[in-house]
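Note sheet for the following structure.
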Amino acid sequence: MRFKVRGIDTFASTGGRPFDKNKPLMIFVHGSGLSHMVWVLQTRYFAFRGYSILAIDLPGHGLSSGESLKTIEEMGDWVGDVIDAVGCKEASLVGHSQGCLVTMECAKQHPEKIKTLTLMGGAGAIPLNPELLELAETSNTKAVDLMMDWAHGPAGHFGGHPVPGLYHLNVGSMLVQEKKEIKDTLGVDFRACDNYKNGFEAAKKLDLPTLCILGDADKMCPLKEGKKLADHIKGSEVHVINNCGHMMLLEEADQTLEILKSFIGKHYPLKK
Amino acid sequence: MDPKTYKFDTLSLHAGYQPSKNAGSRQVPIYQTTSYMFDDVDHAAALFNLERGGHIYSRMSNPTVQVLEERVCALEGGTAALATASGMSAIFLTIMTLCNAGDHMVVSSQLYGGTVNLFRLTLPKFGIKTTFVKPRDTEGFKKAIQPNTKGIFGELVGNPGNELMNMPEVSKIAKDAGIPLIIDSTYQTPYLCRPFEHGADLVVHSLTKWMSGNGSSMAGILVEGGTFNWMQNDKFPNMTEPYEGYHGLSFAEEFGPTAFTMMARAEGMRDMGPCLAPQNAWNILHGIETLSLRMEKHCSNALKMVEYLSNHESVAWVSHASAPGHPDKELAEKILPKGTGSMIAFGIKGGKEAGAAFIDNVKLASHLANVGDARTLVIHPASATHSQMDEATLKFAGLSHDMIRLSVGLEDFEDIVNDFENGFRAAKKPRLVANK
C-alpha cells in the first residue's frame, strides 16, 4: 500500500489484505538498512486474522521514496505521523533492532497513540563499531557482510530457514543492498543508532504493555543489553529464544510469532 | 576486520543443516514422507497461505530436499533455491514462472539438445516463442530482444561445442532491456563459476552431473540471485500483480529478493509438481561434500586430455576453452580462473563412421547419455543427444558429424589414454554405420 506521510510517497506491506482503518492497527518497523520484507513471517498471520497491518519502509528504504531520516527521534515522530496519515488514532508497535529504538521513541513522543510495544533484538543503546560505521558510510559492501555475520546465529550460518529454499545470509544481504546505495540507508541508520543516547530515558517513561524478545546468541544487541533495557521498562515481559541470533523474526520465526500472538492476544485483542 | 562466515568447502559440507535440530544426526536424515502433521487448524491455514514457513506436502517441499536447496544456494551466493526432479524440469519451471502465452525468449543456440527442443518445439505449444542466437554473437542477443521478450537464457559453456557466451556483456544487455539473464551453469558448478558475480539473475543446474558426480540420481535446481528488480517495469505481472491463487499476494512486494523462487514453488510445484525425491537429494548432497576435490581432478585430467588429443594423428580438431587458439580462451581465463571444466569436444578423422567405431571400441570410457560422472564418458552427439535436430539446426548449434563429446572422469590419466588408443586404432578400420 502506498500513501503520503509528510508529503513523501511511503510504502507499507499490509500483509496481503486490504488496509482497513476500522480494524486494530499493528505497525512493524524494520532495522538498519532493511525493509518491510523482514516481517513477512509475522505480518501475513495477523493480517489474515483481523488486524490491519503496516510493515513500513522508513523513508529512503525499500519501496518508500525520500531520503533516510537522520535521527532516531525523527524516525519515532515520523511513525507517529504514519498513524495519522492512514486515518487511525492508535496502534500497536513492533520493532526490530534499530526499530526498537524508533518505536520506543515514538511511544515516548506519542504516548496517547501507542497501545502496546514489542521490541525484538532491542537494546537501550546501539553503539556501532567505528570500522563498521565507516564501511557503511562509504558504501563498502564489507559492511553488509559483517552485519550479516554478526546478525545471524546458527540458523543463519549453517542453514534451516523456516521457509524452505531460502538462505538467511544472502537474503539479508540482498535486502540491504536492494536498489539503494548502502551509505544512504545502512550508513545513515548506523550513524543514527550510534548517535542516539536517549534509549534508557525513553524506556523509563514507557507505561504500556511491553514485550522484549531476545536471542541468546545475539551479537548485534547482546542478551545482557536486551535484559538491561527490559529492566528499565516498567512491567515488561521478556522472552529469550535459545540458540538464536539477532534476526529472530526470521531465524526463529515460528517461536517469535507464537510469543507475539500470545502477547497481542492478551494486550491488544480483537474487539468482539 | 573480516566477516567470519563460512567459505566454499565448509559450506559444501555443512550449509543448510543443523544436527541439533535433527536428533543429533551427523548425516542429513532422509525424510521419506509425503506429508507433515499440522499442530492445529490455524497452523494448517497459516502454512497454506504462506503466513509462516514449513512443510505441507513433499511435492512442495521436503526437509531433506531443503538442505540440498540451501546448500546449493549458499555455494552459488543466491538468496533462494528450488530443487526439482531433473535439470530439464528446473528450466521448464523457470520459463513457466517467467513467461505467459505471447511472450518471447532470447536463447543461446548452443545448448543441450533437450533444452533446444524445449525452446524450439515444446514452449511454442504454450505460446512462448524463442529467437536463437549463436553464443559468441553478443550483439545478436541485443538485436533479438523484442518488446515481449522476458529473458535471455544460455549455457555459459555451450553443449557440446564448448563455445562461451560472454556472460558479463550479455548481462549488461539484459539489464539495459530490463529483463533477467538466466544461466544454465551445469558444466561449471559453483566451484568453477558463480554466475551471480558476473551479472546473471537466475541460475539453473542439472545436479545429476558434476554436483552429484556419482551418476546415481536425477536432480535439478533453480537458484535466485536476488539481484533482479521485478518492479522496475511492467513486463513481469506474474511477479508484481496480485496473484489470485494466494488471495491477491504480490510476490515481488512481499518477498523481494526471493520472489521468483517463492512464485516458482507456490505455483509451479503446486501445479506442475516436478518434485525431487528425498533419496535423490541425499545422494546429491553426498556428491557435493567432495565437489571442490573432484572438480580440481576433473579439470587437471581435462587439461592433460586436451594436450593428448591436440597432438594425436587421428584427431582433426579439439575444442576446449583451455586449448591454444580457442576463440574464447581469454574470456574463459577471466570468468573461469579455476578451470574451464572437463567437457571436451573433438573431431575424429574419418567422420561419422570413425566416430562410431571409436565409441564402440573404448572399454573404460562409458558410452552413455550423461556428462559429469566421476567416470569418463563419451558419446557421438549427432546420433544421440542431439539426434532429434535436423541438419540446419545441427549446423546452427555448431555440431558436426565427426564430433565426439568427451566428459573427462577421475580415472588415472594413463588408463584413459590407453583406452582411447584402442578406440583410435579401431576407428581406422572401415565399418557399417546407420544412416539418418
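Volume per residue of the convex hull around the Cα atoms, evaluated for chain A, comes out as 109 Å³. With R₀ fixed at 60 Å, the C-beta to C-beta distance from B:Ser310 to A:Asp9 puts the FRET efficiency at about 0.45. When every Cα-Cα distance of the range B:8-287 is counted in 5 angstrom steps from zero, the calculated P(r) takes the values 1, 6, 13, 17, 19, 17, 13, 8, 4, 2, 0, 0 percent. With contributions of -39500 (n - 2.57) from each DSSP H run of at least four residues, the per-residue ellipticity at 222 nm computed over chain A stands at -11500 deg cm²/dmol. Highest average first, the peptides B:68-79, A:149-160, B:249-260 ordered by how many other beta carbon atoms sit within 10 Å of their residues are B:68-79, B:249-260, A:149-160. Placing +1 on each Lys and Arg Cβ and -1 on each Asp and Glu Cβ, with no other charges, gives chain A a dipole about its Cα centre of roughly 1060 debye.
Ignoring aspartates and glutamates fewer than eight residues from B:Lys150 along the same chain, the ones with Cα atoms less than 15 angstrom from its Cα are B:Asp103, B:Asp176, B:Asp201, B:Asp234. Across all Cα atoms of the protein assembly as shown, the radius of gyration (one decimal) and Dmax (whole number) stand at 27.6, 96 Å.
Among B:Gln388, B:Gly350, B:Ile335, whose Cα lies farthest out toward the positive end of the dipole of the range B:292-427, if unit charges sit on the beta carbon of Lys, Arg (+1) and Asp, Glu (-1)? Most positive-ward Cα: B:Ile335. Give me the base-10 log of I(q)/I(0) for the range B:188-271 at each q in 0.10, 0.12, 0.19, 0.23 Å⁻¹, Debye formula, one uniform scatterer per Cα, rounded to two decimals. At q = 0.10, 0.12, 0.19, 0.23 Å⁻¹ the computed log10 ratios are -0.32, -0.45, -0.89, -1.08. Can you tell me the orientation of helix B:167-177 relative to chain B, as the angle in degrees between its alpha-carbon axis and the longest Cα principal axis, to the nearest 10? Rounded to the nearest ten degrees, it is 40. Label separation (B:Lys172 vs B:Arg270): 4.1 nm, computed from points 7 Å beyond Cα along the C-beta direction. Within the straight-line cut-off of under 25 Å between alpha carbons, the lysines reachable from B:Lys338 are A:Lys142, B:Lys4, B:Lys7, B:Lys172, B:Lys209, B:Lys297, B:Lys304, B:Lys329, sequence neighbours fewer than 8 places apart in one chain being disregarded.
Entry for the range B:127-205 at q = 0.18, 0.26 Å⁻¹: log10 I(q)/I(0) = -0.68, -1.36, Debye formula applied to identical alpha-carbon scatterers, no solvent contribution. Could you let me know the centre-to-centre spacing of the range B:196-218 and the range A:192-215, using Cα atoms, in angstrom? Going from one Cα centre to the other spans 47 Å.
Applying the criteria of a DSSP loop state and at most 10 other Cβ atoms within 10 Å to the GluC sites (Glu not before Pro) of the range A:146-232 yields no site.
Computed over chain B, the per-residue total of -39500 (n - 2.57) for DSSP H runs of n ≥ 4 gives a 222 nm mean residue ellipticity of -10000 deg cm²/dmol, rounded to 500. Charged neighbours of B:Lys21, selected by a Cβ distance under 15 Å, balance to -3 (K, R count +1; D, E count -1). In this Cβ point-charge picture (+1 for Lys and Arg, -1 for Asp and Glu), the range B:292-427 has a dipole of about 240 debye about its Cα centre. Amide H contacts of B:Thr208 (H built 1.01 Å from N, in plane; Pro and chain starts excluded): B:Gly87, B:Ala219 sit under 5 Å, all sequence-distant by 5 or more or on other chains.
Only the coordinates and a few stated rules stand behind these numbers; no lab work does. Keep in mind that this is a model prediction, so the values were computed, not measured. Here the Cβ is made from the backbone with ideal geometry for all residues, glycine too, and neighbour counts use every protein chain on show.
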